[in-house]
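Report on the structure given below.
Where a number appears in this text, it was derived from the coordinates with a stated rule and is not lab data. Computed from a predicted structure; not experimentally measured. With ideal geometry, Cβ positions are generated from the backbone for all residues, glycine too; neighbour counts draw on all protein chains shown.
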Amino acid sequence: MPSHPLDRALIVSAAALASESPQDIVQSNIDFLNALFGEHLWAEEVPADGLRSYYVDYWLAQLNNGGCSQFIYNTQWNQQVVTLVREGLTAMGAQGHLAILERCAQQVERLSQEQLTAYFASDYFGENSTRDKLNAPNDAFFALEKTTPLLALNAAWLRTHPALVALSEDEMTAEAQRRGQALPDRAIREAAALASEPRHLKIIRLLCEHAGQQLEQLTAADPSRIHEGKPTVAYHFVTDQGHHHMIDLEDRALMFRGDSTTDLVCQLGGPES
């Protein structure tokens, strides 16, 4: 298959490149990679430096939210992810932040495999002595962020990257679709992706089909939803007819319009399905 000039380019929007906010260009790279993943490309098929920036931003978000322990817990200390963060920090010249990552790695290495497995299986919140030990580098991270914000380093690196190309939003969408359509085994990948989807996404697809609507994207999961006096999880999503959410009651699933708890669009299971 002949190569295309944009195959290995790092793509961001022209507006993001022109913006003075470092978040805009970093987020634009993330959005384009997410679009590629949505087109069934694999991590090894997207631009490597774009992926490094992607995971450096993930690392930053995790540390800002819950510290080193949260990054370790949520990634299960996946070595591919850790390596991408390490390589990204190195490429950006973020030596101080790299030192924080290595301190996190040292905390992990002090645990036995049994202790690490137990940590991954534990409840992250509440009393958790392993979590607290893993958070030892947090103070150094927050102090470093005050003088050397990692987001700015990430943005500056992307902005001057030799493979960076800026496109319009429509051109970005078309480019992601072009790369996806070029996959010789796309149909197989699509089938595998559908088969491995989590239960809530399969239910949402069925509800949308039942309602005669087209699913466009998932947005968030809200664990605070109460239905008939009992706590449940609301899965929010957008269709061609706007914002909706679904709750899964095991024996039936309900699709509501917007945030409403009474505006029922349709249901699967139960007497009305």
Checklist entry - Taking the Cα atoms of the stretch 1-114, what is the range of coordinates along each of the three principal axes, in descending order and whole Å? => result 48, 37, 23
Item to check | Estimated FRET transfer efficiency when R0 is 41 angstrom, pair THR148-HIS210 (beta carbons, to 0.05) | outcome: 0.20
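By how many nm would the segment from THR160 to ALA48 grow when fully extended, if each residue of separation counts as 0.36 nm and the alpha-carbon distance is taken off?
Working it through step by step, the gained length comes to 38.8 nm.
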Item to check | Sorted by Cβ density within 10 Å, fewest first, the residues ARG110, ARG103, ARG52 | outcome: ARG110, ARG103, ARG52
Checklist entry - In the chain, which Cys residues have no partner Cys with a Cβ closer than 4.7 Å? => result CYS208, CYS266
Next on the checklist: Given the -39500 (n - 2.57) contribution per DSSP H run of 4+ residues, what per-residue ellipticity at 222 nm results for the chain, rounded to the nearest 500 deg cm²/dmol?
Outcome noted: -16500 deg cm²/dmol
Checklist entry - What net charge is computed for the residues neighbouring ASP57, neighbours being all others with C-beta under 15 Å from the C-beta of ASP57, Lys and Arg scored +1, Asp and Glu -1? => result -2
Checklist entry - Given that compact globular proteins tend to follow 2.2 N^0.38 Å, what is the ratio of the alpha-carbon Rg of the stretch 135-232 to that value? => result 1.70
Item to check | Euclidean distance of C-alpha centroids, the stretch 223-253 and the stretch 85-161, integer Å | outcome: 34 Å
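Rounded to the nearest 20 Debye, what is the dipole magnitude of the chain about its Cα centre when Lys and Arg each give +1 and Asp and Glu each give -1 at the C-beta?
520 debye
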Item to check | All-pairs alpha carbon distance profile, the stretch 69-132, 10 Å steps from 0, percent | outcome: 20, 50, 25, 5
Next on the checklist: Check which residues have an amide H placed less than 5 Å from VAL265's amide H, if you skip close sequence neighbours.
Outcome noted: MET255, PHE256, ARG257
Checklist entry - Taking neighbour counts of Cβ atoms within 10 Å as a proxy for exposure, in what order, fewest first, do ASP123, ASP57, ASP31 appear? => result ASP123, ASP31, ASP57
Checklist entry - Most fluctuating residue of ALA156, ALA16, ALA211 in a GNM of the chain with Cα springs under 10 Å: which is it? => result ALA211
Next on the checklist: So if each residue of separation counts as 0.36 nm, and I subtract the Cα-Cα distance between GLN113 and GLN79, what length gain in nm does that give?
Outcome noted: 10.8 nm
Checklist entry - Taking amide H positions as placed 1.01 Å from N in the peptide plane, with prolines and chain starts having none, which residues 5 or more places from ASN135, or on another chain, fall under 5 Å of its amide H? => result SER69
Checklist entry - For the stretch 2-49, taking Cα atoms only, what is the radius of gyration to one decimal and the Dmax to the nearest whole Å? => result 11.6, 37
Next on the checklist: Please report the projected area of the chain's Cα convex hull averaged over all directions, in nm².
Outcome noted: 17.8 nm²
